[in-house]
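Trainee: The structure's right below; bear with me while I get my questions together.
We did not get these values from a lab; they are worked out from the coordinates using the rules stated. Treat the numbers as computed from the prediction; the structure is a model and nothing was measured. When we count neighbours, we look across all protein chains shown, and the Cβ atoms used for this are built from the backbone with ideal geometry, even at glycine.
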Amino acid sequence: MPARITQRKRRGSHTNRAMVTGITLWGGTTASLVFALGLALYPAWLLGGTLATFAMFGFDKLQAKRDTGRSGRGRVPERALLLLSLIGGAFGGLAGMIIFRHKIRTTAFVIAVPLFVLLHVGVAWWLLLGRYGN
């Protein structure tokens with residue numbers, strides 16, 4: 001009897017695909033805001049990240065509703081959602097949690113996303129004080 005060939009599951013492939021999608025959406029939005037509207041880089045980065053992360057939360061909620069068999073196929077990994085929130089999409093992550101009622105029972109999201117919002121508010125405050133302070 002021939003040996004059975006098995007495929008090894010590649011760890012992180014869904015996370016990588018979700019991150020590439022999110023960052024592509026983020027980069028396009030940020031570039032458009034900077035070059036077309038002349039917005040400063042950090043506000044454009046936050047706005048682009050907010051829109052991209054919000055869209056990823058919405059897509060994941062849609063996929064969660066469709067996935068009745070709990071296979072997890074087509075879902076955005078939690079790691080990708082948290083990473084997008086950390087690097088600047090925290091406002092979109094928080095809005096996605098509230099509006100889509102998504103990940104509101106997951107402890108990591110309930111704690112981390114509001115902390116990421118505070119982090120980015122602090123960075124924005126620090127940048128404003130550096131530019132306009134004294």
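Trainee: Kindly state, as a whole number, the per residue volume in cubic angstrom of the convex hull around the alpha carbon atoms of region 24-101.
Mentor: Per residue, the Cα convex hull of region 24-101 comes to 80 Å³.
Trainee: Would you work out which of 84, 118, 43 lies farthest towards the positive end of the dipole of region 15-132? Charges go on Cβ: Lys and Arg +1, Asp and Glu -1.
Mentor: 84
Trainee: Set the Förster distance to 22 Å, then compute FRET efficiency between residue 110 and residue 24 from the Cβ-Cβ distance, nearest 0.05.
Mentor: 0.20
Trainee: Show me 87-99, 117-129 ranked by packing, highest mean number of other Cβ atoms within 10 Å first.
Mentor: Sorting 87-99, 117-129 by mean packing, highest first, produces 87-99, 117-129.
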